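Below is one structure, written out as C-alpha cells; comments come after it.
The values are calculated or read from the model by the stated rules, or taken from the named source; none is laboratory data. Given the structure is predicted, the values throughout are model-derived calculations rather than measurements. Cβ coordinates were reconstructed from backbone atoms using ideal geometry, including for glycine residues, and neighbour counts include every protein chain displayed. Heavy atoms of the whole protein, side chains included, go into the accessibility calculation; ligands, DNA and RNA do not. Shrake-Rupley method; radii C 1.70, N 1.55, O 1.52, S 1.80 Å.
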Amino acid sequence: MTEVTEQQPEKVEEVAKETPATVSSTDATAAAAAATEESSSDLEKKIMRQVEYYFGDANLNRDKFLQDQIAKDTDGWVPISVLLTFKRLASLSSDANVIAEACAKSDEGLIEVSEDKSKIRRHPERPLPEHNEERRKDIMSRTAYAKGFPLDSTMDLLLDYFAAFEKVVHINMRKYLDKPTKTYKFKGSVFVTFEKKEQAEEFIEKAQPKYKDTQLIVKWQEKYIEEKREEQKAKTNKKKEKKEKEEESKINLPKRSVFFFDGAKDDLSREAIKEAIQKVSSDWEIAYVEYNKGDKSGHVRFHDEDSAVKFLEKLEDKKLKINDDLTLEVRTLSEEEETAFLEKAVENMKNRRNHFNQKKGGFNRKRRGGHNDRNDEKKAKASDE
C-alpha cells in the first residue's frame with residue numbers, strides 16, 4: 001500500500017507531461033483516486049501520531065487534564081469528542097469517525113479504539129511508567145539536542161522531518177518569551193527523544209543531519225545542559241566580579257580625615273576616646289577608631305574630608321584630654337602615612353565585606369565596639385555617587 005501511493009503520483013505526472021492530450025477519463029479517475037488515497041494515508045498517519053503523542057509517556061505523565069479524563073472511566077476510555085477539544089487534533093479532522101478509523105490502524109500497541117469507535121484509551125498492557133529519577137535519567141540518555149531549524153517552523157514540519165529517523169517518540173520545541181509581543185517564539189532548536197538510546201546515538205554520532213541545506217548542530221541533551229550550566233555559571237561569576245569591581249571603585253575614603261594619637265594607658269577604651277572627641281566638638285562624625293586596649297597609640301578617622309585638620313585646630317597644643325589623669329598627643333598624618341593608612345583601611349573593608357557575603361547569617365556575628373566600618377563604607381559609596 002505504501003509503495004503504491006508513493007510511486008503512483010510519479011506515473012501520473014510523467015503521463016501528463018508526455019501525452020497531456022491523450023489522457024483517458026479512466027486514467028484521470030485512477031490518478032485522482034490514488035492522490036486521494038495518498039492524502040488520506042498521510043492524514044491518518046498524522047492523526048495516529050498526534051493521538052499517540054497524547055497517550056505517550058512524555059505527554060501523559062504531565063497532562064493533568066487527560067489524566068483526569070482517563071480517571072473518569074473505570075477502564076480508562078476517553079471519548080473522542082473530548083480529544084477533539086485539543087486544537088492540534090481538531091485541526092487535522094473534526095470527524096470522530098475519521099479519528100477512530102485512523103487510530104484503529106496504529107500498529108504501535110500504545111492506543112486502543114473501542115468497539116463502537118467512540119472512545120480511545122492507552123492500552124492496558126502499556127501502563128504509564130513511574131516518573132522518578134531513574135526514569136528521568138533514562139529519558140535523558142536517549143534524548144538529543146538539535147539546532148538549526150527555521151524560526152518559523154511548526155510542529156507539523158518538525159514531525160515530518162523527524163519521521164525520516166528511526167522511532168522518535170517525543171519532540172520538544174524550545175521557545176522563549178518575547179517581551180515586546182508577549183508571545184512565545186521558537187528558538188530554532190529542539191529536544192528530541194528516541195525510543196532507544198542506540199537510535200539517539202545514530203542520530204547524534206553518525207547521521208550528520210541537515211535541514212534542507214543547513215547542517216544541524218546536534219549533541220546529547222545531557223551534554224547541552226551541562227554546557228549551558230557552565231556557561232551560566234561563567235556569566236554569573238563575570239557579573240559578580242564586575243559588581244565587586246564597581247563596588248570597590250566606590251570605596252573612596254576622604255583625605256585629611258585621620259589623626260594619630262600617642263600616650264595611651266592600658267585601661268584606655270575606644271568609648272573614652274570618642275567621648276573626649278565629642279567634648280571638643282560634635283561637628284564631625286567619627287568613622288573608625290583604630291585602637292586596641294593596651295596599645296600606646298592609634299588612629300581616629302572621620303567621615304568627612306579635612307575633618308582631622310579642622311579638629312586639631314580646636315585643640316590646645318595638639319593635645320586631647322581624656323580625663324584629669326590622661327592627655328593624648330595628637331597630630332595629622334603625612335601624605336605618605338595617610339596614603340598607606342587609607343589603602344589598608346579599604347583593604348580591611350573589602351575583606352570584611354567578602355567574609356560577610358560568604359558567610360550566611362553573618363549579620364548575627366558579634367562586632368567589637370567602636371568598629372563602624374560598615375556604616376562608613378555605605379557613606380563612602382553614597383558620597384562618591
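A few remarks follow.
- When the surface is traced with a 1.4 Å probe over the full set of protein chains, W220 keeps roughly 50 Å² accessible.
- Near-label residues of segment 293-336 by backbone N, under 19 Å of a point 7 Å along Cα→Cβ of K344: 293-303, 308, 329-336
- For the set I277, I204, solvent exposure ranked by accessible area (probe 1.4 Å, protein chains only) runs largest to smallest as I204, I277.
- Computed FRET value (nearest 0.05) for D306 with E231, which takes r as the C-beta separation and R₀ as 51 Å: 0.55
- Cα-based Lys proximity count in segment 258-342, under 22 Å, for pairs eight or more positions apart or on separate chains: 29
- Extending 7 Å from Cα along the Cβ direction at N59 and again at R88 yields two label points whose distance is 0.5 nm.
- Close amide H pairs (under 5 Å, H built 1.01 Å from N) link S257 with D306, A308, residues at least 5 positions away or on another chain.
- Using a probe of 1.4 Å on the protein chains alone, the accessible area found for R256 is around 100 Å².
- Hypothetical label at R121: residues of segment 68-89 whose amide nitrogen lies under 11 Å (7 Å Cα-Cβ projection): 70-79
- Sulfur and carbon atoms: percent of accessible area, segment 180-275 [1.4 Å]: 46 percent
- Projected label distance in nm at E313 and K240, using a 7 Å step from Cα toward the beta-carbon: 4.8 nm
- Separation in nanometres of the label points that stand 7 Å from Cα toward Cβ, at E336 and V280: 2.5 nm
- Solvent-accessible area of F194 with every protein chain in place, 1.4 Å probe, in Å² to the nearest 10: 0 Å²
- Computed about its Cα centre, the charge dipole of segment 37-122 is approximately 460 debye, with only Lys, Arg, Asp and Glu carrying charge at their Cβ.
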